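Following this message is one structure expressed as structure tokens.
Read-outs: derived from the displayed coordinates by stated rules, not from any lab. The shown structure was predicted, so the numbers you read here are calculated from the model rather than taken from an experiment. In this analysis, Cβ positions are derived from the backbone assuming ideal geometry, glycine residues included, and neighbour counts consider all displayed protein chains.
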Amino acid sequence: MNLRRHPLVLALVLGATSLLIWATLGIAANFGLHPALAIPGLLWLTTLGLPTSFGVVVAAAVWGRFEPLTGFIGFAGLAIVLGLGSQAVAHVWLQRKAAAARAAGRPWKWQHLLARGGMGLFLATIVLWVTYRPPAPLAGAVDGHCHLFGDEGWPPIHKQTCGLSPAQKANHSYGLLTRLLRLPPTGDLNELYVEALVRQAREAQEALGAFRVVLLAQDCRYTEEGEPDWDHSSVYVPNEHVFRVVARYPDLFIPCPSLNPQRKDWEAELDYCLAEGARVLKIHPPTQAVNPGDPRFRGFYRKCAENGTRVMVHTGAEHSAPIASQTLGDPRFLQLALDEGCTVIAAHAGTKAFFDPPAEDHLPDLVSLVANHPRLYADTAVLGSQFRWRCVPAIVGTPSLLPRMLHASDWPFPSNALVFWHRLHPFTLVALTAEQNLFLRDLRLKQALGMPPDSFQRLDDWFPALESTPQDP
């Protein structure tokens, strides 16, 4: 078939190719994409595939803003339809313009058009080179949200071994992360995971001059009697494991144990964590099936406040693990801990993925809480990822929130610079897309998106040294 004589078929071929390039670049950017592959792909999407790109961008711009327009599968379907439709309309229109030019005796000379396009590309490259400004160097940073994972079989031994449930291994994030860190799909992952973590943290430390990481454990769900509920848990990393790793690398890591306040031994476990030097701990309501606003936890929060232990709580949507309910991510549940005098960190700033329902966006609720609670902070964990591209710009555009923001990556969940293409200088976009170190990619992406310098260093004031007495800011 001569595709030139069938402009609609040719348009659909170009559109399908462009969609495939979009998907390939989007996935590959999570792993680090060499410029030799990124640049040709981006050039295609901004030239031959421009109409398709327009359709995809329109789909992304409207999706998740209205209640019926939600869900990733629905977005993918709309992006395909609009992408192919835009490519078809543009291609048929160009073919008709070319035919009209030939009929009028003014045929298009494609070699001249290509020459003009090449000259335009050359001039654009010169302009980009002149306008490029490298990021200002940071005098060190602290990453406030890094996960420690491991797997020694399921169910794990409480307070002794790490574990990942079959449901967790079936989650899309498991395959992504094992490939990203080059881990085997099965077996004892504990030491291999620590090696990958330490390697990247050391690289970031060398690049920045000073760099440390808040390292998170992960508690399980508990029954009404306060016993471990392995049937409904998905991830378990005991606090003992975190303290062991921190003891091996005290210059890199700050321990953040995880403590579900539903456990019957919460007070003894909190005493243990305090004795080991914990100055921050984590609660994950959606995965741990715990409402952080439950009045039963008043004593727990009071003891944390009395000992200067900050409480980090997951807020917003959760997609990387099986959950009890998305409603448990509402930051308004933090009111109880704040009333008891705790310094609270709203992890993920109450945000959602772009395809989630509008009701799951709790950033406005967080902004209201911050205005009334000087001890409430939020972090940027996972907000540089592929599906959270609205979040950092929204935070940067909320000046009242910026003095309370803490840098956090959610390592090893990767940032993806490609989805921020419209907010980054093209040279910055290519450089960040190629960055293999997940700590550095996330930090430099958020710096390029406008997060202020003090957000990267605020935790250094909170945790100046492991042996220091904790002081609330």
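Need one number: nm distance between label points at R332 and F72, each 7 Å from Cα along Cα→Cβ, rounded to one decimal.
2.9
Additional query: Any chance you could check the Cα centroid distance between the range 328-384 and the range 127-182 for me, in angstrom?
Answer, in whole Å: 22.
Give the residue from Y132, H147, P250 lying farthest towards the positive end of the charge dipole for the chain; charges sit on Cβ (+1 for Lys and Arg, -1 for Asp and Glu) and the dipole is referred to the Cα centre.
Result: Y132.
Which value in deg cm²/dmol, rounded to the nearest 500, describes the helix-derived mean residue ellipticity at 222 nm for the chain, given -39,500 (n - 2.57) per DSSP H run of n ≥ 4 and division by the residue count?
Working: 18 runs with 220 residues, N = 473.
-14500 deg cm²/dmol, from helical runs alone.
Using a 10 Å Cβ count of at most 16 others and DSSP loop calls, identify the longest part of the chain lacking such GluC sites (Glu not before Pro).
Working: sites that count: E224, E225, E276, E467.
In short, 1-223.
What ranking of K159, K352 emerges when the number of other C-beta atoms within 10 Å of each C-beta is taken as an exposure proxy, fewest first? Provide the component values of the computation, followed by the final result.
Details: K159 14, K352 26.
Ascending Cβ contact count within 10 Å gives the list K159, K352.
Taking the 0 to 90 degree range and rounding to the nearest ten, how far is the long axis of helix 363-372 tilted relative to the main principal axis of the chain, both from C-alpha atoms?
Taking the Cα atoms of the chain, the angle to 363-372 is about 40 degrees.
On a 0 to 90° scale, report how tilted helix 239-248 is relative to the longest principal axis of the chain, with both axes built from alpha carbons and the result rounded to the nearest 10.
Orientation of helix 239-248: about 80 degrees from the principal axis.
So what are the radius of gyration and Dmax for the Cα set of the chain, in Å?
When restricted to Cα atoms, the chain yields Rg and Dmax of 24.7, 89 Å.
Helix 453-462 against the longest principal axis of the chain: what's the angle in degrees, Cα atoms only, rounded to the nearest 10?
10
Magnitude of the Cβ-charge dipole of the range 3-131, K/R +1 and D/E -1, about the Cα centre, nearest 20 debye? Before the final figure, lay out each step's value.
Values: 9 positive and 1 negative charges, 154 e Å.
Magnitude of the dipole: close to 740 debye.
Then there's this: Starting from the Cα gyration tensor of the range 3-131, take the square roots of the eigenvalues, sort them a ≥ b ≥ c, and report rounded, prolate or oblate (rounded when a/c is under 1.5, otherwise prolate if a/b is larger than b/c, else oblate).
Cα axes put the range 3-131 in the oblate bin.
A further question follows. Which listed residue (P228, A434, C273) has the Cα farthest towards the positive end of the charge dipole for the chain, taking +1 on Lys and Arg C-beta and -1 on Asp and Glu C-beta about the Cα centre?
A434
Is there a quick way to get the dipole size of the chain? I mean about its Cα centre, with the Cβ of Lys and Arg at +1 and of Asp and Glu at -1; what is the value in debye to the nearest 20? Numbers along the way, then the final one.
Values: 40 positive and 41 negative charges, 649 e Å.
Its charge dipole is roughly 3120 debye.
Along Cα→Cβ, 7 Å out, is where each label goes; now give me the distance between the ones at A16 and K264 in nm to one decimal.
Roughly 6.2 nm, to one decimal.
Right, something else. R0 = 60 Å: FRET efficiency of A61 with D188, Cβ-based, nearest 0.05? Walk me through the intermediate numbers first.
Working: r = 45 Å, r/R0 = 0.75.
Efficiency, rounded to the nearest 0.05: 0.85.
Using the count of nearby Cβ atoms within 10 Å as a rough guide to exposure, how do H91, H158 rank from fewest to most? If you can, show how the numbers build up before the last one.
Values: H91 21, H158 15.
In increasing order of surrounding Cβ atoms, one gets H158, H91.
Given the range 141-462, what count of lysine pairs have C-alpha atoms under 19 Å apart, with each pair 8 or more places apart or on different chains? Provide the component values of the computation, followed by the final result.
Working: K159/K264; K159/K282; K264/K282; K264/K303; K282/K303; K352/K446.
Pairs that pass both the separation and distance tests number 6.
Starting with the fewest neighbours, write out I21, I395, I126 ranked by other beta-carbon atoms found within 10 Å of each beta-carbon. Intermediate results must be reported in sequence, preceding the final value.
On the way: I21 19, I395 26, I126 10.
Going from sparsest to densest Cβ surroundings: I126, I21, I395.
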